[in-house]
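Written below as structure tokens is the structure these notes are about.
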Amino acid sequence: MDQTPTINKILTEARIIAVVGFSSVPQKAGYYVPAYLQQQGYRVIPVNPNLSEGLGEPAYAALADVPEPIDLVLIFQRSENVPPFVEQAIECGAKAVWMQLGIANEAAAERARAAGLDVVEDACMLVEHRHWKR
């Protein structure tokens, strides 16, 4: 399935991105991808129960703890761990879910789509954003 229209829509419309699995380690994709997105003008909200802040923003233990609307939930978790985060994305009213490169869960993706969310699987948001900007 061609994800390009969905990717373009998300990159155009999303402003506030909650990053599930945000990392404090600069060499990890869970850090440098959100850092890149923040530099591109997106608001990045770290979601990691082991951190108090990231990239100058307060970090939250769970999506439900984020006190403002979320446009996109960007997931850095193993594929088998994705379903509960998709449920939380639906519950908190997010408009889209993006599973980072190497991450895919078809059942969770179908659940998100059925709830009206846009879904991208197995794609790097940094790479896709660079293509989109051109």
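Coordinate-derived values only; no laboratory data. These numbers were taken from a predicted model, which means no experiment stands behind them. All Cβ positions, even for glycine, are placed from backbone atoms using ideal geometry, and neighbour counts span all protein chains on display.
How high is the relative contact order of the range 1-105, given as a whole-number percent (alpha carbon pairs under 8 Å, six or more residues apart)? Write down the numbers at each step before the final one.
On the way: 176 pairs, mean separation 26.6, N = 105.
Across the range 1-105, relative contact order equals 25 percent.
Taking each DSSP H run with n ≥ 4 as -39500 (n - 2.57) and averaging over every residue of the chain yields -10500 deg cm²/dmol at 222 nm. Label zone (Ala107, point 7 Å along Cα-to-C-beta; backbone nitrogen cut-off 20 Å) within the range 18-57: none.
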